[in-house]
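To keep things clear, I will list the structure first and then write my remarks on it.
Just so you know, all these numbers are worked out from the coordinates, no wet-lab data involved. Keep in mind that what you see is a predicted model, and the values were worked out from it rather than measured. Cβ atoms come from the backbone with ideal geometry, glycine included; neighbour counts cover every protein chain shown.
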Amino acid sequence: MKNFNTNTTNADEWLTPQNILSALGPFDLDPCAPINRPWDMAARHYTVDDDGLSRPWEGRVWLNPPYGTHTFEWMERLAEHREGLALIFARTETRGFHSTIWNKAHSVFFFRGRLRFCRIDGSQAQSANAPSCLVSYSEADTVTIMRAQDRGDIQGRLCLLQRRAVAAGEE
Ligand SMILES: C[S@@+](CC[C@H](N)C(=O)[O-])C[C@H]1O[C@@H](n2cnc3c(N)ncnc32)[C@H](O)[C@@H]1O
């Protein structure tokens with residue numbers, strides 16, 4: 001089994017499970033999507049051939065970014081864009097996590113247990129050997145997380161980072 005949680009140099013294609021996308025979507029753009037994908041992550045996709053980091057981002061973004069040190073360049077971009085959600089490993093102690101998430105995000109949702117990402121043929125891989133989290137930079141996206149949690153679509157704990165906390169169900 002490949003070890004894909006090192007968050008250092010691994011550039012493998014590990015896709016978001018469909019149930020997470022449907023619990024949190026719909027999304028307008030996935031700026032880092034696989035060229036060959038078993039399902040759509042969003043209405044529009046950029047692939048490695050487009051270099052999604054250098055393209056304009058429009059609408060609500062789904063971001064499960066490439067692994068490695070580049071992860072936080074993508075997180076910085078989402079922090080500026082604000083609209084959308086990111087799924088990354090919960091490397092909470094790292095410099096990148098502090099600069100792009102602890103200091104900027106609206107909330108972080110920590111998944112209970114380990115996610116099982118998917119291969120480009122749609123099959124499910126074994127559990128990741130690192131924990132994952134969702135990162136929101138807007139109140140609206142935090143509410144989306146809360147509603148998914150209330151429905152039981154995702155399990156874990158939400159950590160609000162900004163004082164304007166919102167109650168589930170409020171617009
Ligand atoms: C962890 S996978 C996640 C795929 C997809 N975003 C999802 O949620 O299932 C990261 C993806 O980023 C793509 N990628 C890597 N560098 C990229 C770049 N510069 N621009 C766009 N996509 C890129 C890879 O090909 C890979 O499909």
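Values computed for the structure shown
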{"item": "Gaussian network model of the chain, Cα within-10 Å springs - most flexible of THR144, THR71, THR94", "result": "THR94"}
{"item": "Crossing angle, helix 71-81 versus the chain [Cα axis fit, 0-90 degrees, rounded to tens]", "result": "40 degrees"}
{"item": "Highest-fluctuation residue, GLU83, GLU93, GLU58 considered, GNM on the chain with Cα pairs under 10 Å", "result": "GLU93"}
{"item": "Reciprocal mean inverse distance between Cα atoms of the chain - Kirkwood radius, Å", "result": "16.0 Å"}
{"item": "Spin-label pair THR92/GLN124, simplified geometry with 7 Å Cα→Cβ offset, distance in nm", "result": "2.6 nm"}
{"item": "Gaussian network model of the chain, springs between alpha carbon atoms under 10 Å - residue of ALA86, ALA125, ALA105 with greatest fluctuation", "result": "ALA125"}
{"item": "Computed over the stretch 36-160: relative contact order in percent, which uses C-alpha pairs under 8 Å that are six or more apart", "result": "26 percent"}
{"item": "C-alpha long axis of helix 139-151 to longest principal axis of the chain, angle in °", "result": "80 degrees"}
